[in-house]
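Visitor: Here it is, the structure, as structure tokens.
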Amino acid sequence: MKTYKNCQSCGMPFSKDPEKGGTNKDGTKSSLYCSYCYVNGAFTQPDFSATEMKAFCIEKMKEQGFPGFLARIFATGIPRLERWKNK
Ligand SMILES: [Zn+2]
């Protein structure tokens with residue numbers, strides 16, 4: 001199985017995730033998604049589209065003190081992540 005350095009839902013690096021990854025239904029770590037996006041085998045924002053996730057992440061990054069233009073650059077990669085590829 002392919003391993004990723006970033007969450008395949010929001011793009012956050014796993015190194016920045018306090019839990020180092022989300023959790024699958026069986027309690028194992030997810031190698032695809034971070035702990036903010038994926039808990040116990042389910043997405044925390046199941047109804048999000050890639051566009052909504054982009055807007056959500058930009059807001060979150062700004063809350064954490066990122067300049068808006070950097071947050072937007074970072075968020076442009078979100079629609080190419082695994083979760084959104086087939087949508
Ligand atoms: Zn995530």
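Visitor: Any chance you could give the angle, 0 to 90 degrees and rounded to 10, that helix 50-63 forms with the longest Cα principal axis of the chain?
Guide: 70
Visitor: Quick one: dipole size for the chain, taken about the Cα centre, charges +1 on Lys/Arg Cβ and -1 on Asp/Glu Cβ, in debye to the nearest 20.
Guide: For this selection, approximately 320 debye.
Visitor: Give me D for the chain in µm² s⁻¹, whole number, from Stokes-Einstein with Rh from the Kirkwood sum over alpha-carbon pairs, 10 °C and 1.306 mPa s.
Guide: After rounding, the answer is 122 µm²/s.
Computed from the coordinates by the stated procedures, all read-outs in this text should not be read as laboratory data. Note that the structure is a prediction, hence the values are computed from the model and not measured. Cβ sites come from the backbone with ideal geometry, for glycine too, and all protein chains shown count toward neighbours.
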